[in-house]
Amino acid sequence: MKTLRFVRVSWMLQFKMIMRSPFDGVGNVIYPLFFATTAFFVFKAGDSPRTLIYASLGAAVMGMWSSVSTSAGSAMQRERWWGTLELLVAAPRHFSLVLFPSTLGLASVGIYNLVATLLWGKFAFGIPLTIEHPLLFALSVLATVLAFAGLGLLFAVSFVRFRAAWVLGNFFEYPVWLICGFLVPLALLPTWVHPIAWVLAPTWGMNAIRESALGGTPVPDLLLCLGLGAAYVVVAVLVTNRVLDDARARGSLSLT
Amino acid sequence: MAAIEAEGLRRTYKTHTGTVRRRAKEIEAVRGIDFQVAEGELFGLLGPNGAGKTTTIKMLITLLIPTAGTARVLGLDVVKHPTEVRRRIGYVFGGERGVYERLSGYDNLRYFAELYGVPPAEQKPRIEGLLELVGLRGREHERTEGYSRGMKQRLHVARGLLHDPDVIFLDEPTIGLDPVGARDVRATIASLTEAGKTVLLTTHYMFEADALCDRIAVITQGEIVAEGTPDDLKRGVGEGTVVEVEVYGVGDETVERVRAIGGVTAVAVEEREQAQVLVVQTGPGAELTQAIIGCLDGSDVGRIAHREPTLEDAYVALVSE
């Protein structure tokens, strides 16, 4: 109960900070609309309403992913700049538990990205907003948010050890759009890409969201997404102490 | 059992020089120090910038792993039992960093109360009590980005006390504060030992160490060069005299000439508005005023004064050796 309360209160405070940041706030409002507009113009050439819905959902998850991949790194970097990273490490809570509400807060902003993109598609481009399985759709979005938070946690732990790793967050933003089938079906990509896509939860989260919206069978994708998300969390928890011990031995925690 | 024990504590850092041809370099920040702090004691670690004070504190609060030696807090080894140590210690550092500026002071404290597992029912009264103690009552719901340096510093103190730690580490807590703000923080520090807490304070303000500390260790270049009560340290230079000479435009060469005079134990230059004050410590019975003035040939000389040594002089003598 204490742990759940900690996650809830920390998530709320992290969310408050994200919303109060002019950079993050404006970025999160504007970027999804750019993604969506670009995707709509590209896919409009196909002239198929189903393709447009496909692109609309892809653009929505692109926004969610961008929020986590770029912000998880910069959030850790900010903790260094603010001088709060050492205070977090000096607290008795397991450090991965301290980081999780932060990445969960960033992933939660993705829900806004999703809603904004879908509404933008409907009102700006006339894309019908019909969800075949609303409950499964909601569960798929939730599973995707949690899996993204897990992946963000794994990123954040590595950002603690490698100061320059926050740049990798930006680096991972675009390949994941492509590899995980946000815009182009995985089947169209070379076969050597498929194993990479399979170990990335965004692939299954994207599938689950599409299947539930377009009327397919999202449950297997949803479970795979959750399973991979949980695996990321387990790996992050297992490596956290080793990463921290290394940072404590090198004396790199206070460096910006 | 001592509250804090350090035995042969050593810490080196690896760094690199050069851009294309990088060369590894090892810096010894702390060179095997030993000290003990008794329960309920206010112990000062006094030293110039770069002496190893912060490195020592960071090893004791588990943020750095020592290169060699051992350290225990309340009998717990800081390397083997970091989580247990963290539960029982508080850490406050000086400056404006270490605050979530987009959150209010209250939310900052709430977050750290959760981080330290303060029971929910106790959080509100404890936060309110600490806000009262550090004088932030009435401003707690404002975002901390609008706080003055002193307010942020007082918030740090409140944060460090949230979980009612037994041992508190204060790393230059009054640095950069105005006199009134610094006085308030010092009053809070003094009240901690009255409440039975053990405090390790690092500072380079002599009067602060003199006023607050039961015992002091002077650290310079990673080594403890003296340890004792403030009075013990003052006695170390107590038999000599201090000559203060007001000068204008004195250079390093002149200072070295003064330092070379027989009977001079330490020389320091203090900047005071437009003038400089050459503070020369001399050994017992030495009358060196004429010799000192003789070395200042070419410099404008103002007021000359003689006085008894203070803790600051003891400190200057120790760190100059």
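Please arrange B:ILE292, B:ILE219 by counting, for each residue, the other beta carbons lying within 10 Å of its beta carbon, fewest first. Numbers along the way, then the final one.
Details: B:ILE292 20, B:ILE219 27.
If I rank by nearby Cβ atoms, fewest first, I get B:ILE292, B:ILE219.
Residues of A:87-97, mean number of Cβ from any other protein chain within 10 Å of their own Cβ, rounded to a whole number?
On the way: counts 14, 3, 5, 13, 10, 13, 7, 1, 0, 0, 1.
Taking all residues of A:87-97 together, the mean is 6.
How large is the direction-averaged shadow of the alpha-carbon convex hull of chain B, in nm²?
20.1 nm²
Taking chain B as a Gaussian network, where each spring joins two C-alpha atoms under 10 Å apart, which residue of B:GLU308, B:GLU253, B:GLU101 fluctuates the most?
Of B:GLU308, B:GLU253, B:GLU101, the most mobile in the Gaussian network model is B:GLU253.
Most fluctuating residue of A:PHE123, A:PHE159, A:PHE182 in a GNM of chain A with Cα springs under 10 Å: which is it?
A:PHE123
Mind checking the angle between helix B:311-320 and chain B's longest principal axis? C-alpha axes, 0 to 90 degrees, to the nearest 10.
80 degrees
Which of B:ILE65, B:ILE4 has the fewest other C-beta atoms within 10 Å, and how do the rest follow up to the most? Provide the component values of the computation, followed by the final result.
Values: B:ILE65 18, B:ILE4 23.
Lowest to highest Cβ neighbour count: B:ILE65, B:ILE4.
Which ³J(HN,Hα) values in Hz, rounded to whole numbers, follow from the phi angles of the range A:81-92 under the Karplus curve 6.51 cos²θ - 1.76 cosθ + 1.60, where θ = phi - 60° and Gly and Pro get x?
Rounded to whole hertz, the list is 4, 6, x, 9, 4, 5, 5, 5, 5, 6, 7, x.
The range B:224-293: Rg/Rh from Cα coordinates, Kirkwood Rh?
Details: Rg = 13.3 Å, Rh = 13.1 Å.
We get a ratio of 1.01 for the range B:224-293.
To the nearest 20 debye, what charge dipole does the protein assembly as shown have about its Cα centre, counting +1 at the Cβ of each Lys and Arg and -1 at the Cβ of each Asp and Glu?
Numbers: 55 positive and 59 negative charges, 570 e Å.
Approximately 2740 debye in magnitude.
Please tell me which of these pairs span more than 30 angstrom C-alpha to C-alpha: A:LYS16/A:LYS44; A:LYS2/B:LYS53; A:LYS2/B:LYS58; B:LYS53/B:LYS152? The partial results should precede the final answer.
Working: A:LYS16/A:LYS44 37 Å; A:LYS2/B:LYS53 36 Å; A:LYS2/B:LYS58 28 Å; B:LYS53/B:LYS152 22 Å.
Listed pairs above 30 Å: A:LYS16/A:LYS44; A:LYS2/B:LYS53.
Using the Karplus curve 6.51 cos²θ - 1.76 cosθ + 1.60 with θ = phi - 60°, what ³J(HN,Hα) values do you get for each residue of the range B:122-138, in whole Hz, with x for Gly and Pro?
8, 4, 4, x, 5, 4, 5, x, 6, 4, 5, 4, 9, x, 10, 4, x
Compute the distribution of all C-alpha to C-alpha distances in the protein assembly as shown, in bins of 20 Å from 0, and list the percent of pairs in each, rounded to whole numbers.
Taking all Cα pairs of the protein assembly as shown, the binned fractions are 18, 41, 27, 11, 3, 0 percent.
Cut-off is 10 Å between beta-carbons; in what order do B:VAL79, B:VAL258 appear when sorted fewest neighbours first? Display every interim value, and only then the final one.
Numbers: B:VAL79 17, B:VAL258 23.
Taking fewest neighbouring Cβ atoms as first place, the list is B:VAL79, B:VAL258.
What list of whole percents do you get for P(r) of the range A:2-250, with Cα-Cα distances grouped in 10 Å bins up to the one holding the largest distance?
8, 32, 35, 18, 6, 1
To the nearest 10 degrees, how steeply does helix B:105-115 sit against the main Cα axis of chain B, on a 0 to 90 scale?
Here the helix axis deviates by roughly 70 degrees.
Give me the number: length gained by fully extending A:THR130 to A:LEU255, i.e. 0.36 nm times residue separation minus the C-alpha to C-alpha distance, one decimal in nm.
40.0 nm
Calculate the FRET efficiency for A:VAL239 and B:VAL180 from the Cβ-Cβ distance with a Förster distance of 56 Å, rounded to the nearest 0.05. Don't skip to the end; give the middle numbers.
Working: r = 48 Å, r/R0 = 0.85.
Efficiency for this residue pair is about 0.75.
Treating only the Cβ of Lys, Arg, Asp and Glu as charged (+1, +1, -1, -1), what charge dipole size does the range B:116-251 show about its Cα centre? Round to the nearest 20 debye. Spell out each step's value before the answer.
Details: 15 positive and 23 negative charges, 121 e Å.
So the magnitude is around 580 debye.
Share of antiparallel DSSP beta bridges in the range B:4-228, in percent to the nearest 5? Please report the intermediate quantities before stating the final value.
Numbers: 25 of 44 bridges.
Around 55 percent antiparallel, to the nearest 5.
Alpha carbons only, please: Rg and Dmax for the range A:37-152, in angstrom.
17.6, 57
Going Cα to Cα from B:LYS197, which aspartates and glutamates come in below 12 Å? Please leave out same-chain ones fewer than 8 positions away.
Within the straight-line cut-off, B:LYS197 pairs with B:GLU39, B:GLU41, B:ASP164, B:ASP166.
Please find, in a Gaussian network model of chain B (springs between Cα atoms separated by less than 10 Å), the residue of B:GLY263, B:GLY52, B:GLY249 whose mean-square fluctuation is greatest.
It is B:GLY249.
Among DSSP beta bridges whose residues both lie in the protein assembly as shown, state the antiparallel percentage, nearest 5. Intermediate results must be reported in sequence, preceding the final value.
On the way: 46 of 65 bridges.
Here the antiparallel bridges make up roughly 70 percent for the protein assembly as shown.
Suppose every K and R has +1 on its Cβ and every D and E has -1 on its Cβ; what is the size of the dipole of the range A:1-138 about the Cα centre, in Debye to the nearest 20? Walk me through the intermediate numbers first.
Details: 11 positive and 5 negative charges, 78 e Å.
So the magnitude is around 380 debye.
Rounded to whole Å and sorted largest first, list the principal axis extents of the Cα atoms in the range B:65-109.
Between the extreme Cα coordinates on each principal axis of the range B:65-109 lie 40, 20, 13 Å.
Going out from 0 in 10 Å bins, what whole percent of all Cα-Cα distances in the range B:3-110 drops into each bin?
It works out to 12, 36, 30, 17, 4, 0, in whole percents.
Give the residue list of GluC sites (Glu not before Pro) in the range B:19-72 that are DSSP loop and have at most 16 other beta-carbon atoms within 10 angstrom.
Values: sites: B:GLU26, B:GLU28, B:GLU39, B:GLU41; in loops: B:GLU39, B:GLU41.
Sites meeting the loop and neighbour criteria: B:GLU39.
Which value in deg cm²/dmol, rounded to the nearest 500, describes the helix-derived mean residue ellipticity at 222 nm for the protein assembly as shown, given -39,500 (n - 2.57) per DSSP H run of n ≥ 4 and division by the residue count? Each step should come with its number before you reach the end.
Numbers: 21 runs with 313 residues, N = 577.
Helix-only estimate at 222 nm: -17500 deg cm²/dmol.
Throughout, read-outs are computed from the coordinates displayed, never taken from laboratory work. Only a predicted model underlies this, so the values are computations on that prediction, with no experimental measurement involved. With ideal geometry, Cβ positions are generated from the backbone for all residues, glycine too; neighbour counts draw on all protein chains shown.
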